[in-house]
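Novice: Here it is, the structure, as structure tokens.
The values are calculated or read from the model by the stated rules, or taken from the named source; none is laboratory data. Here the structure is a predicted model, which is why all the values come from computation and not from measurement. Note that each Cβ is placed from the backbone with ideal geometry, even for glycine, and that neighbours are counted across all protein chains shown. Heads up: the accessible areas ignore ligands, DNA and RNA and are worked out on the full protein's heavy atoms, side chains in. Shrake-Rupley method; radii C 1.70, N 1.55, O 1.52, S 1.80 Å.
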Amino acid sequence: MVVLTGPAGIGKTALAVEWAHRNAARFPDGQLFADLRGYGPGTPVDPAAVLERFLTDLGAPVTGHPSPQDLTARFRSLLASRRVLVVVDDAGATDQIRPFLPGGGPALTLVTTRRRPDSLVASDGATVIAVPPTDMGGYGGTTAAVPAAPAITGVTPGDASATVTWTAPT
């Protein structure tokens, strides 16, 4: 698991989505994306509802009313042998993130959040990348037009090291 941290508006989501697009071939079994709305507006998204949608997307629709623990176990079982990228955006707390951890195998979970999830580092081996601020002087506060774009390098499922580098557009 890789966790991108930083203040609101710094470009964590843009970085995660760009990296997902550039690395789609590394995840031939698919990519899943969920905005957990951990920091608003509105109520944060219930991870169980997202798991139900993900299971359906993976070809294993949910029937009945399984518990959140059963949904998590089924999700992890499905990911155990699949090369899937799971992008969990705007997570507000670790209890929103934990259900999406693949539990081993070739899947990778990429999380964006404002706070460093130290408990996930200690208990789940998360790699945390603090997304550095950019000089956005004349760019209206968005990273879309910033002439230097962030890139995540060195990310491999099951590997505990990754870095953020800044690359100039070509």
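Novice: Which listed residue (36, 7, 21) has the Cα farthest towards the positive end of the charge dipole for segment 1-57, taking +1 on Lys and Arg C-beta and -1 on Asp and Glu C-beta about the Cα centre?
Specialist: Positive-end residue among those listed: 7.
Novice: Also, I was wondering about something else. Non-local amide H neighbours of residue 89 (under 5 Å, H modeled in plane, Pro and chain starts lacking H): which ones?
Specialist: 34, 35, 36, 112
Novice: Rounded if a/c is under 1.5, else prolate if a/b is larger than b/c, else oblate: which is segment 51-122, with a ≥ b ≥ c the root eigenvalues of its Cα gyration tensor?
Specialist: Prolate.
Novice: Extending each Cα 7 Å along its Cβ direction at residue 23 and residue 70, get the distance between those two points in nm, one decimal.
Specialist: For residue 23 paired with residue 70, the spin-label model returns 3.4 nm.
Novice: Classify segment 17-97 as rounded, prolate or oblate, taking a ≥ b ≥ c as the square roots of the eigenvalues of its Cα gyration tensor: rounded when a/c is under 1.5, otherwise prolate if a/b is larger than b/c and oblate if not.
Specialist: In terms of gyration-tensor shape, oblate.
Novice: Mind checking the per residue accessible area of segment 50-122 for me, 1.4 Å probe, whole number of Å²?
Specialist: 46 Å²
Novice: Could you work out the relative contact order of segment 1-139, using alpha carbon pairs under 8 angstrom and six or more residues apart, expressed as a whole percent?
Specialist: In percent, rounded to a whole number, it is 38.
Novice: To the nearest 10 square angstrom, how much accessible area does residue 75 have with a 1.4 angstrom probe?
Specialist: The value for residue 75 is about 0 Å².
Novice: Carbon and sulfur together cover what percent of the accessible area of segment 13-107 at a 1.4 Å probe radius?
Specialist: 53 percent
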